[in-house]
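Q: I have a structure I would like to understand better, so I am pasting it below and will then ask my questions one at a time.
The values are calculated or read from the model by the stated rules, or taken from the named source; none is laboratory data. Everything numeric in this text was worked out from a predicted model, so none of it was measured. Cβ: placed from backbone, ideal geometry, glycine included. Neighbour counts: every protein chain shown. Please note that ligands, DNA and RNA were not included when accessible areas were found on the heavy atoms of the full protein model with its side chains. Shrake-Rupley method; radii C 1.70, N 1.55, O 1.52, S 1.80 Å.
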Amino acid sequence: ALLQTLSPEQVARLYSALDEDNREAREDFLEPPLAEQIGQRSERMQERLRPWFGPLNPTQRRQIAHWSNRTGEQNRLWLGNRLRWQQALRDALATRHQADFPRRLTRLLQQREHFADADYRKHQADMRQGLAELFSNLLGSADSQQRAQLNQRLRTLSRDLAEQLCARPSPPALTPS
């Protein structure tokens, strides 16, 4: 309902923000040479894993570098897929006053994979498999301290999720009429 009420100026600002984000993504993730993209991907993954494993050992860093190298031109495929989805969003917003807009928007938000091309879908399947293999290899090469840190993080995450699931909103306060 909110998107249906956007003014043309608001839509133009949204498009401008998307264009700026895409320009920055292209500069950061697509313009560097492929070898640099792969190296940056490896570094980002190591940074993401340190809170879970602590310092990574040389074997784990090599496993991450191998995974990153296998992903190849992930950045190009990712950005192309992002642009396709955004174009579908723009097309939907152009018809935001039509009766089928809620259905179109729901599909955009809940079925993102529908807007991906066959190359991207195949690559994503390969990426999921490669990521599963990487995590398996990392866990297999983890020392006892890393396993303890990982177990502690997982316990904390599990507790946090359980608290979120069990949290019930307080009933509204009743006020006298």
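Q: Which residues in the range 28-63 place their backbone N less than 17 Å from a point set 7 Å from the Cα of Arg153 along the Cα-to-Cβ direction?
A: Correct set: 42-63.
Q: Set Lys and Arg Cβ to +1 and Asp and Glu Cβ to -1, take the dipole of the range 46-172 about its Cα centre, and tell me which of Ala92, Gly130, Gln111 lies farthest positive.
A: Ala92
Q: Then there's this: Can you give the extra length, in nm with one decimal, that the chain gains between Ala125 and Ala162 once fully stretched, where that is 0.36 nm per residue apart less the Cα-Cα distance? Don't skip to the answer; put the middle values down first.
A: Details: separation 37, 0.36 × 37 = 13.32 nm, distance 2.99 nm.
Length gained, Ala125 through Ala162: 10.3 nm.
Q: Averaged per residue, what accessible surface does the chain expose to a 1.4 Å probe, in Å²?
A: Averaged over the residues of the chain, the accessible area is 68 Å².
Q: Next question. Could you work out how far apart the two model spin labels at Gln110 and Asp28 are, taking each label as a point 7 Å from the Cα in the direction of the beta carbon, and quote it in nm?
A: It is 3.1 nm.
Q: Report, in deg cm²/dmol and to the nearest 500, the calculated mean residue ellipticity at 222 nm for the chain, where each DSSP H run with n ≥ 4 adds -39500 (n - 2.57) and the sum is divided by the residue count. Mind dumping the intermediate values first?
A: Values: 7 runs with 129 residues, N = 177.
Helices in the chain give a 222 nm mean residue ellipticity of -25000 deg cm²/dmol.
Q: Quick one: check the C-alpha center-to-center distance for the range 5-58 versus the range 82-145, whole angstrom.
A: That distance is 15 Å.
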